[in-house]
Amino acid sequence: MWFYVQRVLIPYEIADAAAHDRPRGNLSDLYPRWLGARELLLHHRNPYGDDIAREIQKEYYGRPLDPSRPNDPKDQQRFAYPVYVVFLLAPLVGFPFSGVQIFFHWLLIVLTGTSVWLWLRVLRWRPPFLGIAVGIALMLGCFPAVQGIKLRQLSLLVAPLLAGSVACVASGFLFCGGVLLALATIKPQLAWPLVAWLGVWAMSDWRARRRLVFGFALVMALLLAGAEIVLPGWWKMFAEAIRQYHAYTQNQSVLDVLVPWGYAGKILAAVAVFACALLLAKSRRESAGAVEFGRAIALVMALTVLVVPMCAPYNQVPLLPAVLVLVRDRKFFTSRSRLLRLGYVAGASALVWPWIASLAASAAYLFGSPALATRGWWWPGMATFVFPVLVFALMFVDVRLRASAAPRDGGAG
């Protein structure tokens with residue numbers, strides 16, 4: 001996968017950009033956040049301002065975007081995060097960005113690999129050491145992770161924070177879990193579904209679980225207060241930045257892409273959220289050490305990827321716990337009806353297809369020609385939008401069937 005991205009996908013993108021006079025700079029998703037943090041903390045400039053946006057574009061794209069050029073990218077790469085993200089990036093603002101890029105590259109690799117181990121703890125699954133090593137290797141070699149690491153995307157920082165938060169909760173460190181959950185809200189779209197679910201879970205046994213809420217509330221209060229100190233009135237600027245972001249990117253969810261007719265995608269997303277809320281009503285009483293708690297969390301993460309208005313592949317990294325559950329519970333699916341077995345095979349095929357396709361493209365590069373390989377640049381992405389739907393559907397069925405069986409067999413499995 002890494003070979004395919006470096007030798008096939010990126011050369012295709014460079015050639016395509018040159019053919020359409022499309023600018024290419026450092027293309028690092030970290031840069032807009034890093035520059036905004038540096039300018040705010042060191043020079044007291046508003047990171048949401050138009051002047052900062054132009055400076056970002058000079059490095060990100062190589063020049064400021066020109067609305068009169070039809071082939072220029074629509075994404076203006078403005079600073080569109082809660083301003084408190086600057087506190088997480090503060091240790092890096094004094095260093096040149098070239099060095100920050102290298103550090104962040106390896107940080108994301110370490111955190112992404114560690115998240116596999118964290119999710120295994122949440123799911124109460126203890127595979128042998130070799131199985132864990134293979135899982136980490138496959139995670140670091142899947143396209144969403146490779147893309148996110150290459151772009152230095154903060155989604156790959158948020159996903160391990162979410163994993164660490166739930167792992168702390170599952171291990172009994174509720175206050176620490178709340179702290180990490182609050183830090184993960186630097187990317188609200190990815191964090192708030194889990195925040196909502198853990199909030200409901202905590203309220204279901206307030207006396208035993210209130211420390212989770214205390215940790216979350218304390219750190220959120222500190223982040224919001226600190227943000228107001230460094231940039232008074234920031235929330236209005238953030239709201240406007242989000243409005244502009246959705247206007248110039250036309251950001252869509254996976255369902256919006258697959259069902260692009262009017263509000264059909266949003267209606268399906270609302271149905272999925274409602275169905276999960278009904279299904280997970282019983283799970284809110286499960287202890288953090290229960291296997292069913294892990295399954296509920298995995299379903300929430302799969303729902304997040306399905307419905308949030310972010311469909312870039314790197315935002316599919318939070319599917320990891322659901323994929324782990326489906327791999328662990330494979331006998332549960334293969335022993336069921338033919339329809340369910342067919343769905344499981346479809347999900348497994350969508351999972352392995354990017355590796356098969358990247359292997360084919362890499363073989364074409366090595367044993368054919370780079371031009372031949374470039375013509376197949378799109379092969380690994382064929383299942384990009386179908387995969388989250390299949391994972392969500394299988395996780396929903398898994399949790400639903402076990403909930404139905406619980407009164408009879410105690411939910412064993």
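Out of all the residues in region 353-370, which are surrounded by 18 or more Cβ atoms within 10 Å (Cβ to Cβ) and not polar (S, T, N, Q)? Don't jump to the end; show me each part of the working.
As a first pass, look at region 353-370 and keep what is surrounded by 18 or more Cβ atoms within 10 Å (Cβ to Cβ): 353-354, 357-358, 361-362, 364-365.
If the condition is that a residue be surrounded by 18 or more Cβ atoms within 10 Å (Cβ to Cβ) and not polar (S, T, N, Q), then Trp353, Pro354, Ala357, Ala361, Ala364, Tyr365 are the ones that fit.
Has region 215-225 got at least one residue that is out of contact with any Pro (no Cβ under 6 Å at 6 or more places or on another chain), among the aromatic types (Phe, Trp, Tyr) and under 30 Å from Asn46 (Cα atoms)? Even if it seems obvious, please write down each step before you answer.
Initial filter on region 215-225 (out of contact with any Pro (no Cβ under 6 Å at 6 or more places or on another chain)): 215-225.
If we keep only those that are among the aromatic types (Phe, Trp, Tyr) as well, we get 216.
Among the residues that remain, those that are also under 30 Å from Asn46 (Cα atoms) are: 216.
Checked against the condition, which is being out of contact with any Pro (no Cβ under 6 Å at 6 or more places or on another chain), among the aromatic types (Phe, Trp, Tyr) and under 30 Å from Asn46 (Cα atoms), region 215-225 yields at least one hit.
Just checking, how many residues over region 256-283 are of a type outside the set (A, V, I, L, M), exposed (fewer than 13 other Cβ atoms within 10 Å of the Cβ) and modelled with pLDDT under 95?
Filtering region 256-283 for residues of a type outside the set (A, V, I, L, M) gives 256, 260-263, 265-266, 274, 276, 282-283.
Within this subset, residues satisfying the condition of being exposed (fewer than 13 other Cβ atoms within 10 Å of the Cβ) are 260-263, 274.
Restricting the remaining residues to those that are modelled with pLDDT under 95 gives 260-263.
Within region 256-283, residues that are of a type outside the set (A, V, I, L, M), exposed (fewer than 13 other Cβ atoms within 10 Å of the Cβ) and modelled with pLDDT under 95 number 4.
Contact list please: Cβ distance under 8 Å, first residue in region 68-79 and in contact (Cβ under 8 Å) with a residue 24 or more places away in the chain, second residue assigned to a loop (DSSP other than H, G, I, E, B) and among the charged types (D, E, K, R), pairs at least six apart or on different chains.
Arg69/Asp21; Asn71/Asp21; Asn71/Arg22; Asp72/Arg22; Asp72/Asp66; Pro73/Arg22
Collect the residues in region 25-48 that are farther than 19 Å from Leu154 by Cα and surrounded by fewer than 16 Cβ atoms within 10 Å (Cβ to Cβ), keeping them in residue-number order.
Leu42, His43, His44
The values are calculated or read from the model by the stated rules, or taken from the named source; none is laboratory data. Source: prediction; values computed, not measured. Reconstructed Cβ throughout: ideal geometry from the backbone, glycine too, with neighbour counts over all protein chains shown.
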